[in-house]
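Inspection log for the structure reproduced underneath, given as structure tokens.
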Amino acid sequence: MTVLTEWRVPPANQPRASDYGFDLDRALASIVGLHAIIPPDAFSAETLGTERAGNGVVIDDGLVLTIGYLITEAESVWLHRGDGHVVEGHVLGFDAVTGFGLVQALGRLDVEPLPLGSSADVRIGDRVVVGGAGGRTRSVASQIVAKQEFAGYWEYLLDEALFTYPAHPNWGGTGLINERGELIGIGSLQLDRERDGKAEHVNMVVPIDLLKPILDDLRKFGRVNKPARPWLGLYSTEIDNRVVVIGISANGPAARAELKTGDVILAVDGEKVTSQTSFYKKMWALGAAGVDVPLTVHHQGSAHHEGVTFDVTVTSTDRFKLLKAPKLH
């Protein structure tokens, strides 16, 4: 098992206890390190790897909230306190819609839970701490720089994600803490944005309010207890108001329908799409996983051949069906 290497956030970006009206060290003690081992034949091993490390936040007795990609299909999970104490964890659940994942500690973590705040109350410019496992030297004094929609290439959409700057270098599963010492989000990605002609790193954070309606289901059933969204296994990006296929999941429906990288999705069920958001929303509006998704696709030509536009119907699936079930203890 890997040991947390001795890296530190640059001192200028570390939070200072005197800047906050809550007990910073106590709040940061609620954040644990997380290390997951995934079998090599797991569906997500190819894209996310077989060894994943990040952070998680204790939100109830031994209950750790993290970002789901760290623990998807994990056969073993280990939770580390800042002082090096390690406890085995059990994957309780994962939600593809929000991206949240839940782990239950199987031994005593002896870590106080961090109370949940309201992400709806967050304002641009608010001072926040992006907390990593290991206290202040692994955490970033940051601020909210945007609250806006986020569309991910893996058939993922948040109506309003939180964005923070400066970015945390080990962002996966970090805890976003507001000025009252409450948890208001979980770190998901690092992205670049351009400001004054320079690229700067920001973190995309999943807002905590999305957890509240699904937490009981995740604890009880391991997933949200309602029909899954249709999933095609198609990775896309937006280029000049066109939805372009940038990858195809090997065992997914799009691969069986012979869609190819470089194809452009022009319409869903006859309705034109010009953005990932409109593509996803039109697809998900057709019904639950298993529904047929009629697509109009433009297949790019080569120097000698013109491209072709064609209609294809892809039978969607529930992405959970492709995942290995977590081992029960």
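Within the stretch 214-232, which residues are out of contact with any helix residue (DSSP H, G or I) (no Cβ under 6 Å at 6 or more places or on another chain), under 30 Å from residue 294 (Cβ atoms) and open to solvent by 50 Å² or more (accessible area, probe 1.4 Å)?
Correct list: 223, 226, 227.
Among the residues of the stretch 237-294 satisfying the criterion of being basic (Lys, Arg) and over 20 Å from the mean Cα position of the chain (by Cα), which is nearest to residue 158 (Cα to Cα)?
Looking only at the stretch 237-294, we keep the residues that are basic (Lys, Arg), and these are 242, 256, 260, 272, 281-282.
Right, trim to over 20 Å from the mean Cα position of the chain (by Cα) and you get 242, 256, 260, 272, 282.
Working: 242: 20, 256: 28, 260: 26, 272: 21, 282: 15 Å.
Top of the filtered list is 282.
Taking the stated definitions as given, is residue 310 touching a residue at least 12 places away in the same chain (Cβ under 8 Å), out of contact with any Lys or Arg (no Cβ under 8 Å at 6 or more places or on another chain), over 24 Å from residue 99 (Cβ atoms) and of a type in the set (Phe, Trp, Tyr)?
Working: touching a residue at least 12 places away in the same chain (Cβ under 8 Å): yes; out of contact with any Lys or Arg (no Cβ under 8 Å at 6 or more places or on another chain): yes; over 24 Å from residue 99 (Cβ atoms): yes; of a type in the set (Phe, Trp, Tyr): yes.
Considered against the rule, which asks whether it is touching a residue at least 12 places away in the same chain (Cβ under 8 Å), out of contact with any Lys or Arg (no Cβ under 8 Å at 6 or more places or on another chain), over 24 Å from residue 99 (Cβ atoms) and of a type in the set (Phe, Trp, Tyr), residue 310 comes out as yes.
Based on what the data block shows, is residue 95 within 28 Å of residue 220 (Cβ to Cβ) and not hydrophobic (A, V, I, L, M, F, W, C)? I'd like the intermediate steps shown before the answer.
Numbers: within 28 Å of residue 220 (Cβ to Cβ): yes; not hydrophobic (A, V, I, L, M, F, W, C): yes.
Yes; evaluated as a whole, the condition is true for this residue.
So residue 158 ticks every box in (1) touching a residue at least 40 places away in the same chain (Cβ under 8 Å); (2) more than 26 Å from residue 253 (Cβ to Cβ); (3) within 13 Å of the chain's Cα centre (by Cα) but one. Which box is left unticked?
(2)
Being more than 15 Å from residue 242 (Cβ to Cβ), open to solvent by less than 60 Å² (accessible area, probe 1.4 Å) and either among the polar types (S, T, N, Q) or touching a residue at least 60 places away in the same chain (Cβ under 8 Å) (or both) is the filter here; which residues of the stretch 288-302 pass it?
Once the filter is applied, which keeps residues that are more than 15 Å from residue 242 (Cβ to Cβ), open to solvent by less than 60 Å² (accessible area, probe 1.4 Å) and either among the polar types (S, T, N, Q) or touching a residue at least 60 places away in the same chain (Cβ under 8 Å) (or both), the stretch 288-302 yields 288, 289, 290, 291, 293.
Restricting to the stretch 258-286, name every residue that is of a type in the set (Gly, Ala, Ser) and either in a strand (DSSP E or B) or free of Cβ contacts under 8 Å to residues at least 60 places away in the same chain (or both). Walk me through it before giving the result.
Just the residues of the stretch 258-286 that are of a type in the set (Gly, Ala, Ser), to begin with: 262, 267, 270, 275, 278, 285.
Scanning the stretch 258-286 gives 262, 267, 270, 278, 285.
Where in the stretch 1-84 are the strands (runs of 3 or more DSSP E), entirely inside, with at least 2 residues that are at pLDDT 95 or above and over 19 Å from residue 184 (Cα atoms)?
Working: elements: 31-37, 51-60, 63-67, 76-80.
Where strands (runs of 3 or more DSSP E) fall fully within the stretch 1-84 and carry at least 2 residues being at pLDDT 95 or above and over 19 Å from residue 184 (Cα atoms), they are 31-37, 51-60, 76-80.
Here are some conditions: (1) within 22 Å of the chain's Cα centre (by Cα); (2) surrounded by 15 or more Cβ atoms within 10 Å (Cβ to Cβ); (3) modelled with pLDDT of 95 or more. Residue 324 meets all but one. Which one does it not meet?
Unmet for residue 324, out of (1) within 22 Å of the chain's Cα centre (by Cα); (2) surrounded by 15 or more Cβ atoms within 10 Å (Cβ to Cβ); (3) modelled with pLDDT of 95 or more: (3).
Yes/no per residue for (1) among the β-branched types (Val, Ile, Thr); (2) touching an Asp or Glu at 6+ places or on another chain (Cβ under 7 Å); (3) more than 25 Å from residue 166 (Cβ to Cβ):
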residue: 91; (1), (2), (3): yes, no, yes
residue: 95; (1), (2), (3): no, no, yes
residue: 98; (1), (2), (3): yes, no, no
residue: 109; (1), (2), (3): no, no, yes
residue: 113; (1), (2), (3): no, yes, yes
residue: 117; (1), (2), (3): no, yes, no
residue: 124; (1), (2), (3): yes, no, no
residue: 128; (1), (2), (3): yes, no, no
residue: 132; (1), (2), (3): no, no, no
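Of all residues in the stretch 233-254, which are of a type in the set (Ser, Thr, Tyr) and surrounded by 18 or more Cβ atoms within 10 Å (Cβ to Cβ)? Before the answer, list the steps.
Residues of the stretch 233-254 of a type in the set (Ser, Thr, Tyr): 235-237, 249.
Scanning the stretch 233-254 gives 235, 236, 249.
Do we have residue 27 as within 26 Å of residue 112 (Cβ to Cβ) and either in contact with a Leu (Cβ under 7 Å, 6 or more places away or on another chain) or of a type in the set (S, T, N, Q) (or both) here? Before you say what the answer is, go through the steps one by one.
Numbers: within 26 Å of residue 112 (Cβ to Cβ): yes; either in contact with a Leu (Cβ under 7 Å, 6 or more places away or on another chain) or of a type in the set (S, T, N, Q) (or both): yes.
It is true that residue 27 is within 26 Å of residue 112 (Cβ to Cβ) and either in contact with a Leu (Cβ under 7 Å, 6 or more places away or on another chain) or of a type in the set (S, T, N, Q) (or both).
With (1) under 30 Å from residue 160 (Cβ atoms); (2) open to solvent by 70 Å² or more (accessible area, probe 1.4 Å) as the list, and residue 305 as the residue in question, which single condition is left unmet?
(1)
The values are calculated or read from the model by the stated rules, or taken from the named source; none is laboratory data. On a predicted model such as this, the values are computed, not experimentally measured, just so you know. All Cβ positions, glycine included, derive from the backbone under ideal geometry; neighbour counts span all protein chains shown. Surface accessibility is based on the protein's heavy atoms, side chains included, excluding ligands, DNA and RNA. Shrake-Rupley method; radii C 1.70, N 1.55, O 1.52, S 1.80 Å.
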